[in-house]
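Reviewing the structure listed below.
The values are calculated or read from the model by the stated rules, or taken from the named source; none is laboratory data. Computed from a predicted model, the values in this text were never measured in an experiment. Cβ placement follows ideal geometry from the backbone for every residue including glycine, while neighbour counts extend to all protein chains displayed. These accessible areas exclude ligands, DNA and RNA; they are computed on the full protein's heavy atoms, side chains included. Shrake-Rupley method; radii C 1.70, N 1.55, O 1.52, S 1.80 Å.
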Amino acid sequence: MGVSRRQVLLGSAGAISAATSILPKPAIAASDPIKIGFPAAMTGPSSAPTIGFNRGVTFAVDAINAAGGVKGRMLEVITRDTQGDPTKAVNATQELISQAKVHAIWGPFNSGEALATTPIMARAKMPNVHPCVVETLIDPAKFPNAFRLAPSNNQWDDAVRNYCLNILKVKKVAVIGDTTGYGVTAVGASVAAFKKDGAEVAYQANIDATQPDMTPDLLRARNAGAEVIVVWSVSTGMEARMFNTRAAMGWDISFVGHPSMASGELAGLVEKPENWKKVYAIGYKSCSYDASGKLPAKSQDLVDRLLKANVSVKDTLLWWIAGGVDAIDLIAKAVEESGSTDSAGIIKYWNSLSKYPGYFGNYAFSPTQHNGYLTEEIVMSEASSAKNGTFALAPGYT
């Protein structure tokens, strides 16, 4: 008899006490903390997702610890700010493994960082969950310890391309990303997929996220006849500058792409609220409200409890917070069910999850499949329609 995720997150200490007596004895002392490594871009141009993920992590850890921990053991999160720099991420990961001796790692959240750190964690057999979208980061043969708690970039790309070609009905696209490892990879994959589906890629570019003037690139895209701009970047500053430039040019074109385009940070970065219109960001059914403003019941329950705990959801995305909650819960549940913090036991538990009910979505893992999210759960959202980190569906869905 295990502890349900609802009991854990609602702080049911009695339920935990009752369940722990029949589980195997932990491999180390029950008083030792369960250490979770958290290498993340807490600062820097790629920090927007971390803000949300961190709130989910803090909320989940506080709830579990307030309920007595896992088998009497408290969760301890050890954070290292990578600043979005792959070199710093490598150093942080090595330190978390060799010196802090964490039992599992949640992160990093930038695919460029993850490309550098995933092999390191694989060699150390470190249980790792992350939301990074680059396809090659998940390979059960090469990286049997790595599990993805979000869609892959191919899944995102499919949803974006479907919206552009089948709902907006455009024929010519511009594809723009930043110069990070993620941005370069995502632009390349997106361009190839659009061409394969018969669309014309009128313009493509990778732009330094700190570039102050976006006018030259948007002029090139307009002159090439682009009918929509597809964006692959986590940098809200870069995105805001593109939106402001579009307005200054008087160009009536839509932006479609990365979920960071719906981050609450943009409200303070765009020069006028209307500059944020006709921006459609990747979203999810679990975090989309209907015409009457209602969320799915499970998502509304999470929002209610977050607000009760004074966790702000207005300036970030609910799916980022929910992903942080799900990651901590998956690690805690793996320790609870396996009876120890042994890496093999944690990985074995994750591989057994044919259907795991998270808040961000349902996950399914097996020894040969470490991508857990369902493509049909991905939708496009009106980026500026945020309400407690959730969004209205973009125009055109039925």
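Would you confirm, using the coordinates I've provided, whether residue 381 is touching a Cys at 6+ places or on another chain (Cβ under 9 Å) and either under 30 Å from residue 240 (Cα atoms) or of a type in the set (S, T, N, Q) (or both)? Answer is yes for this residue.
Of all the listed residues (334, 344), the sole one being surrounded by 19 or more Cβ atoms within 10 Å (Cβ to Cβ), in a helix (DSSP H, G or I) and either in contact (Cβ under 8 Å) with a residue 12 or more places away in the chain or of a type in the set (A, V, I, L, M) (or both) is 334. The listed residues are 329, 301, and the only one of them that is touching a helix residue (DSSP H, G or I) at 6+ places or on another chain (Cβ under 7 Å), among the charged types (D, E, K, R) and open to solvent by less than 60 Å² (accessible area, probe 1.4 Å) turns out to be 329. Residue check: is residue 281 part of a strand (DSSP E or B), among the small types (Gly, Ala, Ser) and at negative phi? So residue 281 passes the test.
Looking at 285, 278, 272, just one residue is more than 30 Å from residue 216 (Cβ to Cβ) and out of contact with any Leu (no Cβ under 8 Å at 6 or more places or on another chain), and that residue is 285. The criterion of being within 22 Å of residue 394 (Cα to Cα) and at pLDDT below 95 holds for residue 289. Are any residues in the range 69-90 of a type outside the set (Asp, Glu) and either over 17 Å from residue 341 (Cα atoms) or not assigned by TED's automatic domain parsing to the domain that holds residue 124 (or both), and if so, which ones? The answer is 79, 80, 82, 83, 84, 86, 87, 88, 89, 90. Could you list all residues from the range 237-257 that are of a type outside the set (D, E, K, R) and open to solvent by less than 10 Å² (accessible area, probe 1.4 Å)? Of everything in the range 237-257, those that are of a type outside the set (D, E, K, R) and open to solvent by less than 10 Å² (accessible area, probe 1.4 Å) turn out to be 238, 240, 242, 243, 253, 255, 256, 257. If the condition is being within 14 Å of residue 187 (Cα to Cα), touching a residue at least 40 places away in the same chain (Cβ under 8 Å) and open to solvent by 50 Å² or more (accessible area, probe 1.4 Å), then the range 147-172 contributes only 158. Residues in the range 289-331 that are acidic (Asp, Glu) and either assigned to a loop (DSSP other than H, G, I, E, B) or more than 17 Å from the chain's Cα centre (by Cα) (or both): 290, 301, 304, 315. Of 367, 395, 357, all but one fail to be under 19 Å from the mean Cα position of the chain (by Cα) and open to solvent by 10 Å² or more (accessible area, probe 1.4 Å); the exception is 357. Filtered by the rule that a residue be open to solvent by 10 Å² or more (accessible area, probe 1.4 Å) and within 22 Å of residue 48 (Cβ to Cβ), the range 189-235 gives 189, 205, 206, 208, 209, 210, 211, 212, 213, 217, 234. Looking across the range 70-119, the residues that are among the basic types (Lys, Arg) and within 22 Å of the chain's Cα centre (by Cα) come down to 80, 88.
When the strands (runs of 3 or more DSSP E) confined to the range 32-135 are screened for residues that are surrounded by fewer than 24 Cβ atoms within 10 Å (Cβ to Cβ) and in contact (Cβ under 8 Å) with a residue 40 or more places away in the chain, those reaching at least 3 such residues are found at 75-81.
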